[in-house]
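Colleague: Please find one structure pasted underneath; my questions will follow.
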Amino acid sequence: MIIIDTALDEIMQMDFQSREMLLEIFQKRQIESRRNSISKSALSSLKDYEKGIYSPMDANDVIDKLNS
């Protein structure tokens, strides 16, 4: 926690515009990180589908499976 506090203290010493820019950069990196995570998950699921681990289902079957 001390590291976070130190980082925040350093950031607060920056001018307003620099802090705004830093925030924007951080938000964009978070979004990109989340996209990469979703992409890896999708690719993994696609590979499992191609291996026959998953089979196609219609929407009603999916809903029934989720509810059970």
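The values are calculated or read from the model by the stated rules, or taken from the named source; none is laboratory data. These numbers were taken from a predicted model, which means no experiment stands behind them. Note that we place each Cβ from the backbone using ideal geometry, even for glycine, and neighbour counts take in every protein chain shown. In case anyone asks, the SASA skips ligands and DNA or RNA and just uses the protein heavy atoms, side chains included. Shrake-Rupley method; radii C 1.70, N 1.55, O 1.52, S 1.80 Å.
Colleague: Where in region 1-39 is the amide nitrogen less than 19 Å from a point lying 7 Å along the Cα-to-Cβ axis of K47?
Modeller: Label zone hits: 35-39.
Colleague: So, one more: Per the 1.4 Å probe, what fraction of the accessible area of the chain, in percent, lies on carbon and sulfur atoms?
Modeller: Details: 3820 of 6580 Å².
Ligands and nucleic acids excluded, carbon and sulfur give 58 percent.
Colleague: While we're looking at this one, here's another question. As a test of the formula, what do you get for the chain when each DSSP H run with n ≥ 4 contributes -39,500 (n - 2.57) and the sum is divided by the residue count, at 222 nm and rounded to the nearest 500 deg cm²/dmol? Write out the running numbers ahead of the final one.
Modeller: Working: 3 runs with 55 residues, N = 68.
The helix-only estimate for the chain comes to -27500 deg cm²/dmol at 222 nm.
Colleague: Taking the chain as the reference, fit the longest principal axis to its C-alpha atoms, fit the long axis of helix 16-50 to the helix C-alpha atoms, and give the angle between the two in degrees, 0 to 90, nearest 10.
Modeller: The angle comes out near 20 degrees.
Colleague: Which chymotrypsin sites (Phe, Trp or Tyr not before Pro) in the chain sit in a loop by DSSP (not H, G, I, E or B) and have at most 15 other Cβ atoms within 10 Å of their own Cβ? If you can, show how the numbers build up before the last one.
Modeller: Values: sites: F16, F26, Y49, Y54; in loops: Y54.
Within the chain, the qualifying chymotrypsin sites (Phe, Trp or Tyr not before Pro) (loop, at most 15 other Cβ atoms within 10 Å) are Y54.
Colleague: Further, regarding this structure: Sequence neighbours fewer than 8 away in the same chain don't count; with that in mind, list the aspartates and glutamates whose C-alpha is under 20 Å from K40.
Modeller: E32, D48, E50
Colleague: Using alpha carbons only, how many degrees (0 to 90, rounded to 10) separate the axis of helix 2-12 from the longest principal axis of the chain?
Modeller: With rounding to tens, the tilt is 60 degrees.
Colleague: Separate question: When all protein chains stay in place, what accessible area (Å², nearest 10, 1.4 Å probe) is found for L66?
Modeller: It works out to around 140 Å².
Colleague: Return an integer: the convex hull volume of the alpha-carbon atoms of the chain, in Å³ per residue. All intermediate terms of the calculation are to be shown ahead of the outcome.
Modeller: Details: hull volume 11.7 nm³, N = 68.
Hull volume normalised by residue count: 172 Å³.
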